Amino acid sequence: MLGEDQEPGSYYVGVDVGTGSVRAALVDQKGVLLAFADQPIYKWEPQFNHHEQSSEDIWTACCVVTKKVVQGIDLNQIRGLGFDATCSLVVLDKQFHPLPVNFEGDSHRNIIMWLDHRAVSQVHRINETKHSVLQYVGGVMSVEMQAPKLLWLKENLRETCWDKAGHFFDLPDFLSWKATGVTARSLCSLVCKWTYSAERGWDDSFWKMIGLEDFVADNYSKIGNQVLPPGASLGNGLTPEAAKDLGLPAGIAVAASLIDAHAGGLGVIGADVRGHGLACEGQPVTSRLAVICGTSSCHMGIDHMVQGHAAFPELQAKATARCQSVYAYLNSHLDLIKKAQPVGFLTVDLHVWPDFHGNRSPLADLTLKGMVTGLKLSQDLDNLAILYLATVQAIAFGTRLIIEAMQGAGHSISTLFLCGGLSKNPLFVQMHADITGMPVVLSQEVESVLVGAAILGACASGDFASVQEAMARMSKVGKVVFPRLEDKRYYDKKYQVFLKLVEHQKEYAAIMKGD
């Protein structure tokens, strides 16, 4: 609990580095977001499946947004700073200068982004080892994790990058180093993307088996041999140089970081749900599942389907005329064309498998592609709206598939907690409730990822005894959306079609390979 003598009006800064922008927020002790700013960041795609960014560009953007959110605030009231980011790979030399991760030798582009799929050959070879560490990442490793990307760098950019490298950071850990000069890594990043074990640490045999014995030889100094839990205070806090860059006081507490999706979970999942009639009330937090509806799972798929349709220019014009987003316009258009039936029933003949960029969870299959069945010759706005609806439903079916895989492994989940961009879309939220059959809790603060980052800073400051206590005090329920159980039979049928789609896709692939 907060101490009796604590100064009132303490604030925390959360910084979130997403795929296309950096965002920051000033958050108070009750989890209320007081100021917000965002700044776009550059992305490069020098060739197919290669996606790169710049750590210098990202840090500059962090400085811009942080200075904006603390304007007019007594800086002495800012107690802590927390970072979250995408799990992209940052490469620096022994003097902490950027190194190129590309054939062009452009050291400014020193980040292999999370969605980069250049290391397909490497991940196949890693998975063929069937090493025991793979059981902790779903049985097989994703091409988006760090080990295959590191192996790709060694095999393809040995002279220009690998031999000169002194530090490989997950992007969240790069940010906390930049702020404090401390090279300690977050347990979150290393466990989720690097095969580190909280109980056993690094497994020497794995790195030797896949051809990256270099890390074992130098006691893992390049990838992290000091590991801290998220929210732990780093070193002596914000360095004078970083403080000047960010417009914050030197010495304020800086927390060990989180991957962005995990920060979203932190910002929403610990909320007090008393009085809402939810099954998770009084139950362990493991009965709750946080769904972070961000770039990786949602926006790319929906944007691709909507923007690629012949009726998209018409949609854009009509949405602009109404001063609406294209998705708000589509939601209202669906209500117009549904007639007497529930809106979800418009897709009775149209079904989508949404894994255009492979499946990360629970199938961990990078070869999967998107599928649509039930297409007609129509290219009008009605057709676009129904295709959009089918895509939204497909993402919700993907959530149901993950839940069933978790329940099959022994988890007991009763309630969903949604945050991220698409949690603002009422159709997306209702479809998740209807298709999973579970109530959906929305946070009082829509920007739950930023609240999660601020919670890290609050924990590092010592104002709260633990991350759990900070979550309970700074997370608030905004709204609960319940499933429409009368539609359950329809969605159960569509779910069976959804599962058939991936089954058939695998059959088609086997036929083409001659298996």
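With a/c under 1.5 counting as rounded, go ahead and sort segment 436-515 into rounded, prolate or oblate using the C-alpha gyration tensor (a ≥ b ≥ c being the square roots of the eigenvalues; past the cut-off, prolate if a/b is larger than b/c, else oblate). It is oblate, given that a/c is not under 1.5 and a/b is not larger than b/c. Think of a 1.4 Å ball rolled over the protein heavy atoms: the chain then has 42 Å² of accessible area per residue. Among the protein heavy atoms, those of Met371 account for about 40 Å² of accessible surface (1.4 Å probe, every chain in place). For Lys222, the aspartates and glutamates whose Cα falls under 19 Å of its own Cα, not counting residues fewer than eight places away in the same chain, are Asp93, Glu155, Glu159, Asp163, Asp170, Asp173, Asp203, Asp204, Glu213, Asp214. Legend: calculated FRET efficiency, Asp272 to Ser414, from the Cβ-Cβ distance at R0 = 22 Å, rounded to 0.05, equals 0.85. Kirkwood hydrodynamic radius computed over segment 11-266 comes to 18.5 Å, based on all pairs of distinct alpha carbons. In the chain, helices alone account for a calculated mean residue ellipticity at 222 nm of -11500 deg cm²/dmol, with every DSSP H run of four or more residues adding -39,500 (n - 2.57). Basic side chains Lys and Arg get +1 at the Cβ, acidic Asp and Glu get -1 at the Cβ, and with that the dipole of the chain about its Cα centre reaches some 980 debye. Any idea how far the Cα center of segment 77-95 sits from the one of segment 7-69, in Å? Using only Cα atoms to place each centre, the spacing works out to 11 Å.
Between segment 370-387 and segment 188-214, what is the separation of their alpha carbon centroids in Å? The distance from the Cα centre of segment 370-387 to that of segment 188-214 comes to 45 Å. Along the axis of the charge dipole computed for the chain (Cβ charges of +1 for Lys and Arg, -1 for Asp and Glu, origin at the Cα centre), the listed residues Leu427, Phe464, Ile112 are led at the positive end by Leu427. Measuring only protein heavy atoms, the 1.4 Å probe finds Leu366 accessible over about 40 Å². Under a model in which nothing but the beta-carbon of Lys, Arg (+1) and Asp, Glu (-1) is charged, segment 176-235 shows a dipole of about 260 debye around its Cα centre. Computed from the Cα positions only, the extents of segment 306-399 along the three principal axes stand at 42, 28, 26 Å, in decreasing order. Pairs from the list Lys424/Lys506; Lys154/Lys506; Lys339/Lys494; Lys424/Lys493 with a Cα-Cα gap above 23 Å: Lys424/Lys506; Lys154/Lys506; Lys424/Lys493. Within the straight-line cut-off of under 16 Å between alpha carbons, the lysines reachable from Lys30 are Lys476, sequence neighbours fewer than 8 places apart in one chain being disregarded.
Where in the chain are the helices, taken as whole DSSP H runs, whose Cα atoms extend 18 angstrom or more along the long axis and whose Kyte-Doolittle mean reaches at least 0.5?
Membrane-span-like by this criterion, though nothing is claimed about a membrane: 381-408, 448-461.
Taking the Cα centre as origin and putting +1 on Lys and Arg beta-carbons and -1 on Asp and Glu beta-carbons, what dipole magnitude results for segment 11-266, to the nearest 20 debye?
300 debye
Of all DSSP beta bridges confined to the chain, the antiparallel ones make up roughly 60%. Fraction of C-alpha pairs exceeding 35 angstrom in the chain: 36 percent, rounded to a whole number.
Each Cα pair under 8 Å and six or more residues apart adds its sequence gap; the mean of these over the residue count of segment 11-266 is a relative contact order of 21 percent. Give me the percent of DSSP beta bridges within segment 11-266 that run antiparallel, rounded to the nearest 5. Of those bridges, close to 70 percent are antiparallel. What is the percent carbon and sulfur in the accessible area of segment 1-128, measuring with a 1.4 Å probe over the protein chains and ignoring ligands? Carbon plus sulfur share of accessible area: 50 percent. Positive end of the dipole of the chain (Cβ unit charges, origin at the Cα centre): among Val13, Gln496, Val216, the Cα lying farthest that way belongs to Gln496. When the surface is traced with a 1.4 Å probe over the full set of protein chains, His108 keeps roughly 70 Å² accessible. On segment 174-284, 50 percent of the accessible area sits on carbon and sulfur atoms, based on a 1.4 Å probe.
Taking GluC sites (Glu not before Pro) as candidate sites, keep only those in a DSSP loop with at most 10 other Cβ atoms within 10 Å, then name the longest stretch of the chain containing none of them. Answer from the scan: 200-515.
How many angstrom lie between the Cα centre of segment 487-513 and the Cα centre of segment 388-447? Here the answer is 20 Å between Cα centres.
The values are calculated or read from the model by the stated rules, or taken from the named source; none is laboratory data. As the structure is a computational prediction, the values presented were derived from the model and not from experiment. All Cβ positions, glycine included, derive from the backbone under ideal geometry; neighbour counts span all protein chains shown. We work out accessible area using only protein heavy atoms, side chains counted, and drop any ligands, DNA or RNA first. Shrake-Rupley method; radii C 1.70, N 1.55, O 1.52, S 1.80 Å.
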